[in-house]
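**Student:** The structure that follows is given in the form of structure tokens.
Here, each number is a calculation from the coordinates, and none is a lab measurement. Small disclaimer: the values here were computed from a predicted structure and weren't measured. When we count neighbours, we look across all protein chains shown, and the Cβ atoms used for this are built from the backbone with ideal geometry, even at glycine.
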Amino acid sequence: MSEYFGNIKSSAVTIATGMGITLKHFFNAIHRKGDAGLDDVDYFKQVDGLVTLQYPHEAIPTPTRGRYRLYNEVDNCIGCGQCVRACPISCITMETIKTAADDLVSCGKTKDGQQKKFWIPVFDIDIAKCMTCGICTTVCPTECLFHTPVSDFSEFDRENLVYHFGNLTHLEAEAKRTKLAELQAKAQAEKEKKSLEK
Ligand code: SF4
Ligand code: SF4
């Protein structure tokens, strides 16, 4: 008999505890999360409050150190391709052109003084495929590839979700390719001439 009443008591306590939690969230939902709403600097420290928003007229703020949309600071990119090889879903496409010796100065150096040896006509990130895993950023030797706090970048046209970071126009890239091919042909001809003279 005592077990019977014990079970009833236990059930009543469980229901009361559950209802207590439900009521707590019910009354908390009367208030907006954060004293100053979305502009509250402590927004993410406050666990209680209404979180449903009238999106897209208002949106939950992103943490200042949020790791969302990728950005390539291409002036510091050396075209090593490590990010391309590391990406598990192949959403980075890169094309490089070797820099001719007399072009090295205009190709420039990275922030830490490293001479850049490649032009990068194509550096595209298909951000619609990117799962923001961050692997590409961790292998980047110059830290030019990084996440930004930008999390909301919807587009009507999927093509607009491919971001282009290349540092040459099509015409410039064609000129660099032609120049490189001519230099390589000249070097090859000289090499063959020397071997015939021997
Ligand atoms: S964050 Fe991950 S999925 Fe996105 S480009 Fe980098 S490696 Fe690929
Ligand atoms: S790993 Fe960094 S430096 Fe190398 S190609 Fe990618 S973005 Fe450029």
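**Student:** Let me have the 222 nm mean residue ellipticity of the chain computed from DSSP H runs of 4+ only, each contributing -39500 (n - 2.57), with the sum over all residues rounded to the nearest 500.
**Tutor:** -11000 deg cm²/dmol
**Student:** Then there's this: Pairing the Cα long axis of helix 2-28 with the longest principal axis of the chain, what angle in degrees results, from 0 to 90 and rounded to the nearest 10?
**Tutor:** That helix lies at roughly 60 degrees to the long axis.
**Student:** Please enumerate, by chain and number, the lysines with C-alpha under 20 Å from the C-alpha of Lys116, excluding those fewer than 8 residues away in the same chain.
**Tutor:** Counting by Cα, and skipping residues close in sequence, Lys116 has these lysines nearby: Lys98, Lys176, Lys179.
**Student:** First check a/c for the stretch 90-141, with a ≥ b ≥ c the square roots of the eigenvalues of its C-alpha gyration tensor; if it is under 1.5, answer rounded, and if not, answer prolate when a/b is larger than b/c or oblate otherwise.
**Tutor:** Oblate, because a/c is 1.5 or more while a/b does not exceed b/c.
**Student:** Mind putting a number on the dipole of the chain about its Cα centre? Charges go on the C-beta only, +1 for Lys and Arg and -1 for Asp and Glu, and I need it in Debye to the nearest 20.
**Tutor:** 740 debye
**Student:** Taking Cα atoms, how many degrees apart are the long axis of helix 170-197 and the longest axis of the chain, rounded to 10 and kept between 0 and 90?
**Tutor:** For helix 170-197, the angle is close to 40 degrees.
**Student:** With the Cα gyration tensor of the chain giving a ≥ b ≥ c as the square roots of its eigenvalues, does the rule (a/c under 1.5 for rounded; else a/b larger than b/c for prolate; else oblate) give rounded, prolate or oblate?
**Tutor:** Judged from the Cα gyration tensor, the chain comes out prolate (a/c at least 1.5, a/b above b/c).
**Student:** How would the stretch 70-177 be classified by its alpha-carbon gyration tensor: rounded, prolate or oblate, with rounded meaning a/c under 1.5 and the a/b versus b/c comparison settling the rest?
**Tutor:** Judged from the Cα gyration tensor, the stretch 70-177 comes out prolate (a/c at least 1.5, a/b above b/c).
**Student:** Sequence gap at least 6, Cα distance under 8 Å: using those rules, report the relative contact order of the chain to the nearest whole percent.
**Tutor:** 21 percent
**Student:** Ranked highest first by the average count of other Cβ atoms within 10 Å around their residues, in what order do 101-107, 76-82, 165-171 fall?
**Tutor:** Ranking the peptides 101-107, 76-82, 165-171 by packing returns 76-82, 165-171, 101-107.
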